[in-house]
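Below is one structure, written out as structure tokens; comments come after it.
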Amino acid sequence: VHTRDTKNESPELQECFRFLNLTSRSFSAVIQELNHELLVPIALFYLVLRGLDTIEDDMTIPIEKKVPLLRNFHITMQQDGWQFHESQEKDRELLEKFDVVVSELKKIKEPYFEIIKDMTVKMGNGMADYAENIEVIENGVQTIDDYELYCHYVAGLVGEGLTRLFVTSELANPKLAERPSLTESMGQFLQKTNIIRDLHEDWEDGRRWYPKEIWSKHVDKFEDLFDPKQLTKALDCTSEMVLDALKHAEECIFYMAGMRDQSVFNFVAIPQTMAIATLELVFRNPAVLERNVKITKGDACQIMFESTQNLVTVCDVFRKYIKRIQKKNDPRDPNYLAISEQCGKIEQFIETLFPRQ
Ligand code: PS7
Ligand code: MN
Ligand code: MN
Ligand code: MN
Ligand code: MN
Ligand code: MN
């Protein structure tokens with residue numbers, strides 16, 4: 001059931017939805033099925049952040065140009081007619097015709113607009129800090145704390161904005177607003193999975209998000225992760241990254257228990273179940289060191305189906321992939337025991353929530 005009301009959409013809004021379909025990998029369908037109240041605000045929130053991320057990702061924009069673009073994005077997104085024609089990224093058409101987003105943003109309810117603007121200010125500045133830093137220290141992200149702060153800027157803040165939208169529109173339990181760590185985990189889990197999976201592609205683009213605090217335990221130089229002679233070390237490194245991501249799983253499940261609307265539940269659950277399936281796919285998978293791996297269409301379909309029922313079926317998905325991670329876990333991996341324990345903790349947590357007789 002699509003909740004879009006195409007007949008009453010302005011040509012600009014229709015153009016916004018065309019961009020949503022063009023630019024979003026997995027969010028486009030779930031956004032368009034959202035409850036009426038939030039459908040347009042969240043579609044525009046997505047396009048604003050996609051625009052910002054297109055600038056962040058574009059390594060052909062010189063740093064002295066990129067930084068002010070990121071820091072001022074909350075201003076340009078309010079300037080009638082604003083367009084940007086200097087991107088070489090895949091999603092550049094969105095920036096070239098960004099004026100349609102600007103004009104639709106002016107029509108949404110003020111509290112929703114303020115949330116989107118607030119998150120754009122914070123994300124733009126966070127991205128700029130890291131873009132500047134990576135210029136200075138060529139080695140990229142150093143500590144796990146730095147890594148988590150980056151994930152906070154690009155995903156934790158998205159979670160915060162979305163939670164505020166859900167609570168303001170009364171589609172989620174207002175108590176969620178008092179539990180920011182649950183929201184943060186929702187973003188951290190998605191972003192960390194994205195970073196683990198994109199290792200090779202990001203490196204080719206001149207970016208590295210794996211923190212030195214982790215990779216340096218396994219290899220001497222970051223490039224050694226891609227040396228076939230050091231394959232086992234590289235897999236041990238990705239294992240530790242997966243272990244680090246798995247520490248957010250319990251809080252994610254707890255967060256999803258706070259949803260009060262089926263369409264919002266589906267919207268938050270699908271990316272999370274896709275993420276646990278992706279973590280299982282990348283876990284001890286040598287292909288990650290050579291290219292971008294992706295879950296199959298068939299698996300994605302099955303996951304979508306199970307993620308649009310209820311929290312029990314979502315937990316079944318988590319359980320299934322946790323079991324597969326346990327099976328692939330290698331006793332020679334230095335994190336074997338820690339991984340096994342963390343998987344056990346997640347299974348135990350689910351068992352406590354939904355005991356099976
Ligand atoms: C507003 C729906 C549901 C509480 C465009 C959804 C980059 C993983 O790192 O380009 O450039 O490779 O592959 C989505 C929490 C964010 C986090 C974020 C906005 C969930 C721009 C998704 C999505 C919070 C910043 C993948 C974070 O993009 O990444 C809306 C709750 C955008 C969510 C970035 C990453 C998304 C991402 P990268 P990608
Ligand atoms: Mn990106
Ligand atoms: Mn990015
Ligand atoms: Mn932490
Ligand atoms: Mn990525
Ligand atoms: Mn790329």
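Rounded, prolate or oblate: which one fits the chain, using the alpha carbon gyration tensor with axes a ≥ b ≥ c (rounded when a/c is under 1.5, else prolate when a/b beats b/c, else oblate)? Oblate, since a/c reaches 1.5 and b/c is not below a/b.
Add -39500 (n - 2.57) for each DSSP H run of 4 or more in the chain, then divide by its residues: what number comes out at 222 nm, to the nearest 500 deg cm²/dmol? Please list the in-between numbers first.
Numbers: 19 runs with 233 residues, N = 357.
Value at 222 nm, helices only: -20500 deg cm²/dmol.
Taking label positions 7 Å along the Cα-Cβ direction at both Gln83 and Asp99, the computed distance is 0.6 nm, reported to one decimal. Projected label points at Asp145 and Ala300, each 7 Å from Cα along the beta carbon direction, are separated by 3.9 nanometres.
Which three semi-axes in whole Å describe the equivalent ellipsoid of segment 49-89, each the square root of 5 times a Cα gyration tensor eigenvalue, listed largest first? Walk me through the numbers on the way to the answer.
Working: eigenvalues 54, 24, 18 Å².
Taking √(5λ) for each Cα gyration eigenvalue gives 16, 11, 9 Å.
Taking every protein chain into account, the accessible area of segment 256-328 amounts to 43 square angstrom per residue (probe 1.4 Å). Think of a 1.4 Å ball rolled over the protein heavy atoms: segment 170-244 then has 44 Å² of accessible area per residue.
Could you give the C-alpha radius of gyration of segment 272-332 expressed as a fraction of 2.2 N^0.38 Å, taking N as the number of residues it contains? If you can, show how the numbers build up before the last one.
Working: Rg = 12.4 Å, N = 61, 2.2 N^0.38 = 10.5 Å.
The value comes to 1.18.
Rounded to whole numbers, the Karplus 3J(HN,Hα) couplings from phi for segment 38-53 are 10, 3, 5, x, 6, 4, 5, 4, 4, 5, 4, 6, 5, x, 4, 5 Hz, using 6.51 cos²θ - 1.76 cosθ + 1.60 with θ = phi - 60°, and x at Gly and Pro. On the protein heavy atoms, probe 1.4 angstrom, tell me the percent of accessible surface of the chain carried by carbon and sulfur. Of the solvent-accessible surface of the chain, carbon and sulfur hold 52 percent. For segment 185-294, treating each Cα as an identical point scatterer without solvent, what Debye log10 I(q)/I(0) comes out at q = 0.17, 0.20 1/Å? Values, matching the q order: -0.77, -0.99. All other residues whose Cβ lies under 12 angstrom from that of Val264 are scored, Lys and Arg at +1 and Asp and Glu at -1, for a net of -3.
With a ≥ b ≥ c taken as the square roots of the eigenvalues of the C-alpha gyration tensor of segment 64-142, please select rounded if a/c is under 1.5 and otherwise prolate if a/b is larger than b/c or oblate if it is not? The shape class here is oblate.
Put +1 on the Cβ of each Lys and Arg and -1 on the Cβ of each Asp and Glu in the chain; which of Val141, Pro286, Ala234 then has its Cα farthest toward the positive end of the dipole? Of the options given, the answer is Pro286. Per residue, segment 28-88 exposes 39 Å² of accessible surface when a 1.4 Å probe is rolled over the protein heavy atoms with every protein chain present. Net length available on complete extension from Asn35 to Phe222 is 62.8 nm, with 0.36 nm assigned per residue and the Cα-Cα distance removed.
Here each label is just a point 7 Å from Cα along the line to Cβ, and for Ala177 and Val312 those points are 3.2 nm apart.
The values are calculated or read from the model by the stated rules, or taken from the named source; none is laboratory data. Because the structure is a prediction, the values reported are computed rather than measured. Neighbour counts are summed over all protein chains in view; Cβ atoms, including those assigned to glycine, are modelled from backbone coordinates with ideal geometry. For the accessible areas, the whole protein counts, side chains as well, though only heavy atoms, and no ligand, DNA or RNA atoms are used. Shrake-Rupley method; radii C 1.70, N 1.55, O 1.52, S 1.80 Å.
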